[in-house]
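Peer 1: Before I ask anything, here is the structure I am working with.
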Amino acid sequence: MASFSVEEFIGNGILKGLLQKLLEEGWDDVPTLKIMSSEDMDLLHMTQEQKDALGIRSYLHDRGLMQYADKMEDNGKSLLELINLSTTDLSTQFEMKRGHVARFINRTVSNDSFKLRALAARRSSSSMMYNNSIPKSVRSNSMTRSHVRSNAASDTLEQSMGDMKIKEGYVFKGIVAAEPAEPRACGCVNPPPISDQVAPYAAIENISVQKLTPEYKIGMEPLVKTKAPPLKASELWRDKPAVFLCLRRPGCIMCRAEAHQLYSRKAIFDALGVQLFAVLHEHIESEVKDFWPRYWGGVVLLDRGRDFFKALGGGKLLKEKFLSGFLLNRRALSNYKRAKAMDIDYNFKGEGEIKGGLFIIGAGKSGIAYQFIERNFGDWAPLAEVIEICTQMQVKDYCFSSLHV
């Protein structure tokens, strides 16, 4: 699985000399770097070799194949030329494993960064491909990180949000969502019940959390040096809505996979004005170091009282034993196989029976817009649903503010 460390993403090749300029101009995290358009590259005076290197690394990062980045960059070929190489050439020239060759040449794999740059390069200046769900003002949100970002970058973000938009006719599972309950041991063991009521705002408003990591930027210290004081969770969403990803264990393969998939779309959430937080219920410093920023580049919070997790469980922790919840649960095993296919390292350190989930919380006291409960080990909140809810929240906020102008 590809890391969200900018230094690892850039490598020691032709892009390394650009690090300081990238930092100065606001291109300071991997998800943002991967959506850089050709116009943005020109504004940074990047050479063709540097443009090719960024394209190659973005493509490999999407596929979890960054171990081949240095060799492919040194080869001197463009991304298109590399994709069109035969399987034999890929194996011999880059010592690429057969399974990795299949992943590399498979263009149906989700590849947002490459798709976004291609769209930016050929977009029409007189038309927008996505304009029915996001008000025009959203574009300004995606531009706040750097004054050099072109309209092309903003347009490609809108297109990406359009691609993630749930198709017309889709019915939301409700403000409380979860995957179906999977019978254990041929129906001999019943799955634990979950609450179908959204957690009351009072249950989360006064939760005490501690910041373990900041949002990752180039050259940042690996962890917060001084112990951060506790703060009320409501301070985090006082001005902007936020997504809180509550994880069972940062070393869990399925938790790492979900965190990576969510943070990969950081540029979309930035455009919508939505913050991203990961929440842990125990602090094992070595586990936090392994998790951040490799699998998650956002802020990591410690919920020592496990109150977010209790809110997901309707006031009590939602727990299940490894035997019944995993080994005897076909859906959990399927979730494991899905994460295993992503080549993610993992371990078994820490408490792993407390189930997590996800909250989307509106700004101020507007409350919980959506919560997803990890009913089976490894269940993920549907990414399209999360983005759609955040989009609807942004549109409602825009309409409300327009009425008061």
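The values are calculated or read from the model by the stated rules, or taken from the named source; none is laboratory data. Every value quoted in this text rests on a predicted model; they were computed, and no experiment measured them. Every residue, glycine as well, gets a Cβ built from its backbone with ideal geometry; the counts of neighbours run over all protein chains shown.
Peer 1: All but one of (1) closer than 20 Å to A177 by Cβ; (2) at pLDDT below 95 hold for I361; state the number of the condition that does not hold.
Peer 2: If we test I361 against (1) closer than 20 Å to A177 by Cβ; (2) at pLDDT below 95, just (2) comes out false.
Peer 1: Let me ask something additional. Out of M46, M41, report the one residue that is more than 25 Å from H260 (Cβ to Cβ) and either polar (S, T, N, Q) or part of a helix (DSSP H, G or I) (or both). First the steps, then the outcome.
Peer 2: Values: M46 fails: either polar (S, T, N, Q) or part of a helix (DSSP H, G or I) (or both).
Result of the check over M46, M41: M41.
Peer 1: Mind listing just one residue for me: the one in the stretch 214-239 that is over 17 Å from Y263 (Cβ atoms), at pLDDT 90 or above and charged (D, E, K, R) and, of those, surrounded by the fewest Cβ atoms within 10 Å (Cβ to Cβ)?
Peer 2: Ranking the candidates gives E235 first.
Peer 1: Out of the stretch 41-76, which residues are within 29 Å of P214 (Cβ to Cβ), modelled with pLDDT of 95 or more and among the acidic types (D, E)?
Peer 2: If the condition is that a residue be within 29 Å of P214 (Cβ to Cβ), modelled with pLDDT of 95 or more and among the acidic types (D, E), then D70 is the only one that fits.
Peer 1: Could I ask something else about it? Pull out all pairs, ordered by first then second residue, where Cβ-Cβ is under 7 Å, the residues are six or more apart or on different chains, the first lies in the stretch 175-186 and is closer than 21 Å to G314 by Cα, and the second is among the basic types (K, R) and not in a loop (DSSP other than H, G, I, E, B).
Peer 2: That search, which allows pairs on different chains as well, returns E179/R331; E182/R330; E182/R331.
Peer 1: Separate question: Going by what's in this entry, would S234 be described as closer than 22 Å to E179 by Cβ, part of a helix (DSSP H, G or I), touching a residue at least 12 places away in the same chain (Cβ under 8 Å) and not assigned by TED's automatic domain parsing to the domain that holds S37?
Peer 2: Numbers: closer than 22 Å to E179 by Cβ: no; part of a helix (DSSP H, G or I): yes; touching a residue at least 12 places away in the same chain (Cβ under 8 Å): yes; not assigned by TED's automatic domain parsing to the domain that holds S37: yes.
Answer is no for this residue.
Peer 1: Would a scan of the stretch 292-307 turn up a residue that is assigned by TED's automatic domain parsing to the domain that holds P229, assigned to a helix (DSSP H, G or I) and at pLDDT 95 or above?
Peer 2: The initial filter retains those residues of the stretch 292-307 that are assigned by TED's automatic domain parsing to the domain that holds P229, namely 292-307.
Going one step further and asking which of them are assigned to a helix (DSSP H, G or I), we end up with 307.
Narrowing further to those that are at pLDDT 95 or above: 307.
Within the stretch 292-307, one or more residues are assigned by TED's automatic domain parsing to the domain that holds P229, assigned to a helix (DSSP H, G or I) and at pLDDT 95 or above.
Peer 1: Something else now. I'd like the full set of residues that are in a helix (DSSP H, G or I) and touching a Phe, Trp or Tyr at 6+ places or on another chain (Cβ under 9 Å), limited to the stretch 4-17. Give the derivation first.
Peer 2: Initially, the stretch 4-17 is screened for residues in a helix (DSSP H, G or I), giving 6-10, 16-17.
Passing the criteria: only V6.
Peer 1: Oh, and also: Starting from residues that are outside any helix (DSSP H, G or I) and free of Cβ contacts under 8 Å to residues at least 40 places away in the same chain, keep the ones in the stretch 308-329 and report whichever is nearest to the chain's Cα centre (by Cα). It would help to see each step written out before you state the result.
Peer 2: Let us first name the residues in the stretch 308-329 that are outside any helix (DSSP H, G or I), namely 313-321, 328-329.
Subsequent filtering for residues that are free of Cβ contacts under 8 Å to residues at least 40 places away in the same chain retains 316-317, 321.
Working: K316: 27, L317: 25, K321: 28 Å.
Among them, the one singled out is L317.
Peer 1: Pick from the stretch 287-307 the residues that are without any contact (Cβ under 8 Å) to a residue 60 or more places away in the chain and out of contact with any His (no Cβ under 9 Å at 6 or more places or on another chain): which of them is surrounded by the fewest Cβ atoms within 10 Å (Cβ to Cβ)?
Peer 2: Taking the stretch 287-307 first, the residues without any contact (Cβ under 8 Å) to a residue 60 or more places away in the chain are 290-291, 306.
Subsequent filtering for residues that are out of contact with any His (no Cβ under 9 Å at 6 or more places or on another chain) retains 290-291.
Numbers: D290: 17, F291: 24.
Only one residue tops the list, namely D290.
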